[in-house]
Amino acid sequence: MLPLSGVKAQVMDNSRRVDTLSFRERLSLRTNVVDWSLMVPNIGLEYDLRRENWNRYAVNMNLRYRPRTTGTFVRPAVFNLFEIALEGRMYWRERKAEARGYLRRHDHWWDKLFSCRTMLPSHPKWIFYRGVYVSYADYALYLKGHDGRDGQALMAGFTWGFVKPFLAFQNGNSVDMEFGIS
C-alpha cells in the first residue's frame with residue numbers, strides 16, 4: 001500500500017493510544033506488485049471510514065486492466081483483462097488480554113475467531129484485516145494450439161489477511177507489504 005499522505009495507522013507503533021486522522025491521512029493509494037510483474041497494470045484507492053487509527057474500517061476500490069492487443073501476426077498467447085473490485089475491510093491489531101481488567105480472556109472458541117485480543121500477541125507490529133468483496137471481470141485467455149476462454153465473471157466473497165510495515169518514513173508515510181486470501 002502506498003499512501004498519498006502520512007498514514008499514521010500503518011507506522012510501526014506499539015502504544016495503545018488512539019490518534020484521530022485527517023481526511024488526507026485516511027486516503028491511501030494502493031497497487032499490486034505481483035500484477036505489475038505479470039504485466040497487468042493496476043491501481044487502487046482506500047478510504048478509512050473512521051478517524052481512529054487503532055481498529056479501523058475501510059472501503060477500497062481496485063482496478064486492473066490489461067488492454068486488448070491487436071496486430072497482424074499470430075500470438076502464441078493472448079491475455080486480456082479488465083477487473084474492478086469493491087471491498088470493505090475491518091483492520092485490527094492484536095492486543096494482550098489479561099486475566100482481570102479491561103481485556104479479559106476468551107470464554108469460548110468463537111471468541112477467538114472474531115477477536116483481536118490474545119494472551120500473547122505474536123506479531124504486535126502487524127495489522128490484520130477481514131472483510132467482504134465484490135468484483136466484476138471481463139477476460140480473454142487463448143493459448144496457441146489450445147482452446148481458450150473468454151467471458152465475464154461476477155465474484156463475491158470474504159477476504160482475510162495481514163499488513164506488515166515494510167518501510168516507514170520520518171513524515172509518517174510508509175510502504176507496506178500485504179498478504180491476503182479472498
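For the range 135-142, indicate whether the set of residues that are part of a strand (DSSP E or B), modelled with pLDDT under 85 and within 28 Å of Pro67 (Cα to Cα) is non-empty.
Quick first cut of the range 135-142, residues part of a strand (DSSP E or B) only: 135-142.
Checking which are modelled with pLDDT under 85 leaves us with 142.
Among the residues that remain, those that are also within 28 Å of Pro67 (Cα to Cα) are: 142.
The answer is yes; a qualifying residue exists.
When the range 168-182 is filtered for residues that are open to solvent by less than 80 Å² (accessible area, probe 1.4 Å) and of a type outside the set (S, T, N, Q), the ones remaining, listed by number, are Ala168, Gly172, Val175, Asp176, Met177, Glu178, Gly180. Among the numbered criteria (1) modelled with pLDDT of 70 or more; (2) of a type outside the set (S, T, N, Q); (3) within 30 Å of Phe23 (Cβ to Cβ), which one does Cys116 miss? Unmet for Cys116, out of (1) modelled with pLDDT of 70 or more; (2) of a type outside the set (S, T, N, Q); (3) within 30 Å of Phe23 (Cβ to Cβ): (1).
Would you check if there is a residue in the range 56-67 being under 21 Å from the mean Cα position of the chain (by Cα), aliphatic (A, V, I, L, M), open to solvent by 90 Å² or more (accessible area, probe 1.4 Å) and modelled with pLDDT of 90 or more? Lay out the reasoning, then the answer.
Going residue by residue through the range 56-67, those that are under 21 Å from the mean Cα position of the chain (by Cα) are 56-66.
Those left that are additionally aliphatic (A, V, I, L, M): 58-59, 61, 63.
Subset that is open to solvent by 90 Å² or more (accessible area, probe 1.4 Å): 61.
Adding the requirement that they be modelled with pLDDT of 90 or more leaves 61.
For the range 56-67, residues under 21 Å from the mean Cα position of the chain (by Cα), aliphatic (A, V, I, L, M), open to solvent by 90 Å² or more (accessible area, probe 1.4 Å) and modelled with pLDDT of 90 or more: present.
With the condition kept exactly as written, say whether any residue in the range 91-106 is at pLDDT 75 or above, assigned to a strand (DSSP E or B) and closer than 22 Å to Leu27 by Cβ. Yes, because at least one residue in the range 91-106 is at pLDDT 75 or above, assigned to a strand (DSSP E or B) and closer than 22 Å to Leu27 by Cβ. For the range 35-42, the count of residues that are modelled with pLDDT of 80 or more, surrounded by 12 or more Cβ atoms within 10 Å (Cβ to Cβ) and part of a strand (DSSP E or B) is at least one.
Within the range 45-55, the residues that satisfy the criterion of being at pLDDT 80 or above and among the hydrophobic types (A, V, I, L, M, F, W, C) are Leu45, Leu49.
The values are calculated or read from the model by the stated rules, or taken from the named source; none is laboratory data. Only a predicted model underlies this, so the values are computations on that prediction, with no experimental measurement involved. Every residue, glycine as well, gets a Cβ built from its backbone with ideal geometry; the counts of neighbours run over all protein chains shown. Note: areas computed on protein heavy atoms with side chains; ligands, DNA, RNA excluded. Shrake-Rupley method; radii C 1.70, N 1.55, O 1.52, S 1.80 Å.
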